[in-house]
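One structure is given here, and the rest of the page talks about it.
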Amino acid sequence: MCKKKCFILTIFMVIFFIFVSVSFAGSLLKEGLWEITSKMEIPGMPVPMPPITYRQCMTNQNPVPNQSQSGQECSMQNVKTKGNTVSWDMICDSQQGKMKSSGKITYKGDRFNGVVMTDIPGQGQMKMTLTGRRIGKCNK
């Protein structure tokens, strides 16, 4: 009788420990220096803008790419993590007025893909496609 119960208990424990180890095995992203490329699409623009590539040190405490621009005061809001996906809202005070953005990126190991939609006062909505790849450790 114990053989059958012990076997079932052992199987249950193995499944439980596999589940727990998978749940805590990885963090959201591989921390380090990331190369990020953003491509903007603005409706009505006759010539597409060239992609912009920059580098940023990314951590699990700060998993949102940030390409700051001079003349803007921005605040991040509603930063949420679900699995390997991060979403956020951002409001920036710019020369054109308040710009509101919503973004979402999904990490896949040492890469990510995402999109940011921005409402630009008087110009409509801009779509920014983001891709990123980890290229090494951060310089301290």
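The values are calculated or read from the model by the stated rules, or taken from the named source; none is laboratory data. Note that the structure is a prediction, hence the values are computed from the model and not measured. Because the Cβ atoms are built from the backbone with ideal geometry, glycine has one as well, and the counts that use them run over all protein chains shown. Each accessible area value is taken on the protein alone, full model and side chains, heavy atoms only, with ligands, DNA and RNA left out. Shrake-Rupley method; radii C 1.70, N 1.55, O 1.52, S 1.80 Å.
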Show me, for the stretch 118-134, the HN-Hα J-couplings you get by feeding each phi into the Karplus relation (A = 6.51, B = -1.76, C = 1.60, θ = phi - 60°), rounded to Hz, glycine and proline as x. 10, 8, 9, x, x, 10, x, 10, 10, 10, 10, 9, 10, 10, x, 9, 6
Apply the Karplus curve 6.51 cos²θ - 1.76 cosθ + 1.60, θ = phi - 60°, to the phi angles in the stretch 81-90 and return the couplings in whole Hz, x for Gly and Pro. 10, 9, x, 9, 10, 10, 10, 7, 10, 9
Which value, in Å² rounded to 10, gives the accessible area of Ile52 with a 1.4 Å probe and all protein chains present? 60
Cut-off 14 Å between beta-carbons: net charge of the residues surrounding Arg134, Lys and Arg +1, Asp and Glu -1: +3
Extend 7 Å from the Cα of Glu41 along its Cα-to-C-beta direction; within the stretch 103-122, residues with backbone N under 19 Å of that point are 103-106, 112-120
For the full complex of protein chains and a 1.4 angstrom probe, list Val79, Val116, Val47 by accessible area with the highest value first. Val47, Val79, Val116
Lys and Arg at +1, Asp and Glu at -1: add these up for the other residues within a Cβ distance under 11 Å of Gly32 and post the number. +2
Measure up Lys30/Lys82; Lys98/Lys137; Lys30/Lys98; Lys98/Lys127 against 25 Å on the Cα-Cα distance and list the ones that go over. Lys98/Lys137; Lys30/Lys98
